[in-house]
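Written out below as structure tokens is the structure these notes cover.
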Amino acid sequence: MAIASPTLVRLPRGYVRVAGPEAADFLERMLSNEIPSLEPGREARPALLLTPKSRIVAPLRVVREGPEAFLLITEAELAETVASTLMRARFAARCEVEVRPHRGYLHLGSDPGEGVANGDYGVEAWETWGEEEREAAAASELEALRIEAGTPAWGKELDEKVLPAEAGLDETHVSFTKGCYPGQEPIARLHYRGRPNRRLRVLEAADAKPGDEILLGDKAVGRVTSAVPGLALGYVRREVTDDAELVIGGTDARLHLTPARP
């Protein structure tokens, strides 16, 4: 699936800046991925802000703006939550936390010479931000690409009840070699000693709708979380095989084997 034009899409993003001489150490203690090794420039490292029980507070991308400054990119509705959660945990750490009034944009198919690569949509794309308003398509134009790429979205596939491993975020947003952070113990225990009972999958389905049950025979094995004509995302029981014959909304469906992200 592709978007013909325009190639610039508005993203509903929230931005939190953490800056100061102890910003790197503070974020290393708070986030699920490694922070001090992040180089200034065009890299965005995925991470999670979690509760002590490993429930998701917010998915993040972390960009290092300079030696002592970091920008946390999240969903627009989560920026204040991220900032307040970090402020409560800051104690005596020498850093400042503030929400920034940036606007986010996605450039499809070409490198604008700034920003960071974004692989959430299965195509070459670059994410930029700033305070200037630009003419762009709405983020809804990206929904088919997001679903086909199998990327979870907050409020659809992700919320405070979802375990990171169920959405595959333990493979992209978590370091298993770094020091302690809130939620580390449950994350590590599930990774090394068990596995989630369900996982997020892309499905081929003619007319699925969010909330539809995913049936294997007469047994419900999952539920649709997002859908566009022909494709859907949903959490499916782990024991369902890749070639299983499924039914969604009274019509045949099957699991879609998602290609690796660029």
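Quick rundown of the values:
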{"quantity": "Number of positions in the stretch 158-201 that are without any contact (Cβ under 8 Å) to a residue 24 or more places away in the chain and buried (at least 20 other Cβ atoms within 10 Å of the Cβ)", "calculated": "1"}
{"quantity": "Of all residues making up the stretch 64-82, the number that are buried (at least 19 other Cβ atoms within 10 Å of the Cβ) and either part of a helix (DSSP H, G or I) or outside the structural domain of Glu22 (by TED's automatic domain parsing) (or both)", "calculated": "3"}
{"quantity": "Extreme residue, modelled with the highest pLDDT, among residues of the stretch 118-148 that are more than 25 Å from Ala232 (Cα to Cα) and not hydroxyl-bearing (Ser, Thr, Tyr)", "calculated": "Trp129"}
{"quantity": "Close pairs from the stretch 64-78: first in contact (Cβ under 8 Å) with a residue 24 or more places away in the chain, partner of a type in the set (S, T, N, Q), Cβ under 9 Å, at least 6 apart", "calculated": "Thr74/Thr81"}
{"quantity": "Yes/no for Gly155 being over 26 Å from Tyr121 (Cβ atoms) and surrounded by fewer than 16 Cβ atoms within 10 Å (Cβ to Cβ)", "calculated": "no"}
{"quantity": "Candidate set: the stretch 240-262, residues that are assigned to a loop (DSSP other than H, G, I, E, B) and aliphatic (A, V, I, L, M); chosen: the one modelled with the lowest pLDDT", "calculated": "Ala260"}
{"quantity": "Hey, Ser110 polar (S, T, N, Q), in a loop (DSSP other than H, G, I, E, B) and in the same structural domain as Val16 (by TED's automatic domain parsing) or not", "calculated": "yes"}
{"quantity": "Filter pass, Arg94 being touching a Gly at 6+ places or on another chain (Cβ under 6 Å), basic (Lys, Arg) and assigned to a loop (DSSP other than H, G, I, E, B)", "calculated": "yes"}
{"quantity": "Residues that are hydroxyl-bearing (Ser, Thr, Tyr) and either over 20 Å from the mean Cα position of the chain (by Cα) or modelled with pLDDT under 95 (or both), drawn from the stretch 1-35", "calculated": "Ser5, Thr7"}
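The values are calculated or read from the model by the stated rules, or taken from the named source; none is laboratory data. All of these numbers come straight from a predicted model, not from anything done at the bench. Don't worry about glycine lacking a Cβ; one is built from the backbone with ideal geometry, like all the others, and counts go over all protein chains shown.
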